[in-house]
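The values are calculated or read from the model by the stated rules, or taken from the named source; none is laboratory data. Here the structure is a predicted model, which means the values were calculated and not measured. Here the Cβ positions follow ideal geometry from the backbone for every residue, glycine too, while neighbour counts run over all protein chains shown.
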């Protein structure tokens, strides 16, 4: 067991039987009261925010989390099959760990997965993805209004909004966190 003073931002703790990731960990010394640590933590499974005050000498359980790079191979029902880039071992990872950004995941992309004692607990995909437009309405000649956008479908099946000059077959860069169009990719 570690003391609360050993905790750092980003650590994963076992807190009330659940795994939580520390987002903010501040040392407070209010006036003539005892010092404490104010923690803001996010539940790894549910995503709920938890706030708690730790005494400075309070024991905490810092989970041993191993993070590795994996290559996304294919989708298998509610799971994604990924391969360890070093050992070539394959793992089935629940889609839910990646959140809504999973719809921008393309075969061959590298993902980061965190394991706590052999159980996958978190998944992260790159912050942007270069995807090809598979369907969009053609632009209407003469429609040059600034900032006008239209719907488009990318190769992963996700729907995004793109500027009018984007056509089928163009490659675009997409922000995977928001699903927003970033830029057209040349080549």
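Here 47, 17 are screened, and the one residue that is within 25 Å of residue 129 (Cβ to Cβ) and surrounded by fewer than 16 Cβ atoms within 10 Å (Cβ to Cβ) is 47.
Among the criteria (1) out of contact with any helix residue (DSSP H, G or I) (no Cβ under 6 Å at 6 or more places or on another chain); (2) under 22 Å from residue 10 (Cα atoms); (3) not in a loop (DSSP other than H, G, I, E, B), the one residue 37 does not fulfil is (1). Those residues that are out of contact with any helix residue (DSSP H, G or I) (no Cβ under 9 Å at 6 or more places or on another chain), modelled with pLDDT of 85 or more and farther than 14 Å from residue 180 by Cα, I need them from region 134-162; list them, please. Correct list: 134, 135, 136, 137, 155. Checked across region 90-97, the condition of being without any contact (Cβ under 8 Å) to a residue 12 or more places away in the chain, more than 24 Å from residue 174 (Cα to Cα) and over 15 Å from the mean Cα position of the chain (by Cα) holds for no residue.
Taking residue 101 as the residue in question, decide whether it is in contact (Cβ under 8 Å) with a residue 60 or more places away in the chain, under 17 Å from the mean Cα position of the chain (by Cα) and either surrounded by fewer than 17 Cβ atoms within 10 Å (Cβ to Cβ) or not in a loop (DSSP other than H, G, I, E, B) (or both).
It is true that residue 101 is in contact (Cβ under 8 Å) with a residue 60 or more places away in the chain, under 17 Å from the mean Cα position of the chain (by Cα) and either surrounded by fewer than 17 Cβ atoms within 10 Å (Cβ to Cβ) or not in a loop (DSSP other than H, G, I, E, B) (or both).
Could you say whether any residue in region 17-31 is assigned to a loop (DSSP other than H, G, I, E, B), without any contact (Cβ under 8 Å) to a residue 40 or more places away in the chain, outside the structural domain of residue 157 (by TED's automatic domain parsing) and touching a helix residue (DSSP H, G or I) at 6+ places or on another chain (Cβ under 8 Å)? Within region 17-31, none of the residues are assigned to a loop (DSSP other than H, G, I, E, B), without any contact (Cβ under 8 Å) to a residue 40 or more places away in the chain, outside the structural domain of residue 157 (by TED's automatic domain parsing) and touching a helix residue (DSSP H, G or I) at 6+ places or on another chain (Cβ under 8 Å).
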